[in-house]
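Some notes on the structure that comes next.
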Amino acid sequence: MGQFTNQRRRFINTKIKLWQRAVIVTLLAVFIQAGITTDQAIPEQIIYKDRPPLMSVNAKEVAKDLLNKEQFLCLTKLIGKESAWNSKAENPVSTASGLGQLLDSTASSLGMKKSDSAVSQLVATLSYISRRHSTPCGAWKHFQKKGYY
């Protein structure tokens, strides 16, 4: 009993502020309740899910799963005009390439690298659209007015 009291006094006498102690106690309670340990994960215990290689996934199907029907139709029209869903499409007069015909500088500003994967190109295109036009329908409306998005 005396040892516990001494440990408690050491904890109370430290220079940790009350709110910091409350956070520590709360985190400890969460870890204990969730069964979280500081032990390293053992790879044999991790269950790996088989996934198809990225190159074999259909980008159009991914887009269909990600977007509602209206947004998917707008994206389909936009990419149909830009590249006809050809991930190898290249613009002969600029660095634009891929499904969304993104310039190298645009892809770089999004933190993306040029990729042959249609799914990677789709992700980059949707990222660009969300930053610039919010939605594929917003990008399609812009494209109809200006000829680019």
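Which of ASN91, LEU122, ALA139 sits closest to the plus end of the dipole of the stretch 54-146, meaning its Cα is farthest towards the positive end, when Lys and Arg get +1 and Asp and Glu get -1 on the C-beta?
Sorting the options by dipole projection puts first ALA139.
How much length would be gained if the chain were fully extended between LYS60 and LEU27, taking 0.36 nm per residue of separation minus their Cα-Cα distance, in nm to one decimal?
Residue separation times 0.36 nm, minus the Cα-Cα distance, leaves 7.5 nm.
Wrap a convex hull around the Cα atoms of the stretch 54-146, take a quarter of its surface area, and give that in square nanometres.
5.6 nm²
Could you tell me the distance between the Cα centroids of the stretch 123-137 and the stretch 51-109, to the nearest Å?
11 Å
Values in this text are rule-based calculations from the coordinates and carry no lab data. All figures in this text were calculated on a predicted structure; none of them were measured in a lab. Backbone-built Cβ (ideal geometry, glycine too); neighbour counts: all protein chains shown.
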